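J.: What follows is a single structure, and I will ask about it in a moment.
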Amino acid sequence: MKIYRHILSRPGQHQDFLKSFLVKSGQNLILDTTMDFQASRTSGRTVIKVVVMPHAQTNLTGLIKIKPRLKQINAFLKHQVLLVGTDSTAVSTPKLEIESDDVIASHAAVISPLDQNQIFYLMSRGFSQTQAVNLIINSFLTSHEI
């Protein structure tokens, strides 16, 4: 189990937490992240990207926690999972605990299989199936889109 805790306790503080994981066949990744806002005028983003290979699984839990009476908070949480193979599995549980009014807070979760159209396209351009899958995985893990 991997646990990441980020506390924003100074006014004006900004924290980005961007992390990518490759879960190999036979592995189980359990990941728990928390971004805890304890001061006004703070902002933070948590973006977790996971590739789950065949015969592997992941369970993601993410929390944005905003204390009472805080002002001007901007928080975002995203889980993005790419499933490789028909027997790879993933569960994503994004959560918000907001006790203030002056906040912008949102979360998103996307779990999707490899796009067979992308594989077909790359293969039509001369890549083998293995090369196409590896290119898609590498692009997914290294892209910085939020």
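The values are calculated or read from the model by the stated rules, or taken from the named source; none is laboratory data. A quick note: this is a predicted structure, and the numbers were derived from the prediction, not measured. Here the Cβ is made from the backbone with ideal geometry for all residues, glycine too, and neighbour counts use every protein chain on show. Accessible surface areas use protein heavy atoms only, side chains included; no ligands, DNA or RNA. Shrake-Rupley method; radii C 1.70, N 1.55, O 1.52, S 1.80 Å.
J.: For segment 51-68, take each phi angle, set θ = phi - 60°, evaluate the Karplus expression 6.51 cos²θ - 1.76 cosθ + 1.60, and give the result in whole Hz per residue in order, putting x for glycine and proline.
T.: Whole-Hz 3J(HN,Hα) from phi for segment 51-68: 9, 10, 6, x, 6, 10, 8, 9, 9, 10, 10, x, 9, 10, 10, 10, 5, x.
J.: So how strong a dipole does segment 2-112 carry about its Cα centre when Lys and Arg Cβ are +1 and Asp and Glu Cβ are -1, to the nearest 20 debye?
T.: So the magnitude is around 300 debye.
J.: For the chain, give the percent of accessible area contributed by carbon and sulfur heavy atoms, probe 1.4 Å, rounded to a whole number.
T.: 51 percent
J.: Please state the relative contact order of the chain as a whole percent: Cα pairs under 8 Å, 6+ residues apart?
T.: 20 percent
J.: Would you report the distance distribution of C-alpha pairs in segment 1-77 as whole percents per 10 angstrom bin, up to the bin with the largest distance?
T.: Spelled out bin by bin, segment 1-77 gives 19, 43, 23, 12, 3 percent.
J.: If you rank THR86, THR142 by how much accessible surface each has, with a 1.4 Å probe, what is the order from largest down?
T.: THR86, THR142
J.: Search the structure for amide H atoms under 5 Å from the amide H of GLN27, placed 1.01 Å from N in the peptide plane, and list their residues when 5 or more places away or on another chain.
T.: It is GLN57, by chain and number.
J.: Show me, for segment 25-38, the HN-Hα J-couplings you get by feeding each phi into the Karplus relation (A = 6.51, B = -1.76, C = 1.60, θ = phi - 60°), rounded to Hz, glycine and proline as x.
T.: My calculation for segment 25-38 gives 3, x, 9, 9, 9, 10, 10, 10, 10, 9, 10, 9, 8, 10 Hz in order.
J.: Take the Cα pairs of the chain, get the Kirkwood Rh, then feed it into Stokes-Einstein at 10 °C and 1.306 mPa s and tell me D in µm²/s.
T.: Diffusion coefficient, whole number: 97 µm²/s.
J.: Can you show me the helix-derived [θ] at 222 nm for the chain, built from DSSP H runs with n ≥ 4 at -39,500 (n - 2.57) apiece and divided by the number of residues, rounded to the nearest 500.
T.: Taken over the chain, the calculation gives -5000 deg cm²/dmol.
J.: Working from Cα positions, state the angle (0 to 90°, nearest 10) between the long axis of helix 129-142 and the longest principal axis of the chain.
T.: 10 degrees
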